[in-house]
Amino acid sequence: QVQLVESGGGLVQAGGSLRLSCAASGCTFSNYGMGWFRQAPGKEREFVAAIGWSGSTTYYADSVKGRFTISRDNAKNTVYLQMNSLKPEDTAVYYCGAGKYGHIATYAGEYAYWGQGTQVTVSS
């Protein structure tokens, strides 16, 4: 059974940084495209960033482009999200997902597995 466990969330001031991690188990990690989504209270889950199976291709939402970096370490079965220059509007629960395919996916419906989420709160 595939399990995804996120960590690294917390409370940070605007302009600060956080690094989220998502550790996968129960799967051949390198077969999956991986992604990060977020959901703020009262809002729908939205795409943040995605990375292909090899790590050579990435894609970002416009709202985080230039501030966030997604990466993966297939030897450690882990995907990361480095978040810099954080803004209060980045406050949300962040979820990592394992895609149904090896390529980049930007729609939640293209993901087969999800973690439990980690809270990120950015204070102004």
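The values are calculated or read from the model by the stated rules, or taken from the named source; none is laboratory data. Note that this is a predicted model, so its numbers are computed, not measured. Here the Cβ is made from the backbone with ideal geometry for all residues, glycine too, and neighbour counts use every protein chain on show. The protein model used for the area step is the full one, side chains on, heavy atoms only, and it has no ligands, DNA or RNA in it. Shrake-Rupley method; radii C 1.70, N 1.55, O 1.52, S 1.80 Å.
Here are the numbers for the structure shown:
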item	result
Cα-centred dipole magnitude for the chain, charges only on beta-carbon of K, R (+1) and D, E (-1), debye, nearest 20	140
Relative contact order of the chain, defined on C-alpha pairs under 8 angstrom at six or more residues apart (%)	36
Placed amide H near SER85: partners under 5 Å, 5+ positions off or other chain	none
Integer Hz, Karplus 6.51/-1.76/1.60 couplings in order for region 35-40, x for Gly and Pro	x, 10, 10, 9, 9, 8
Qualifying lysines (Cα of each under 20 Å from Cα of LYS65; at least 8 residues distant if same chain)	LYS87
Protein accessible area in the chain, 1.4 Å probe - carbon and sulfur %	47
Where the chain is the region considered: accessible area per residue in Å², 1.4 Å probe	50
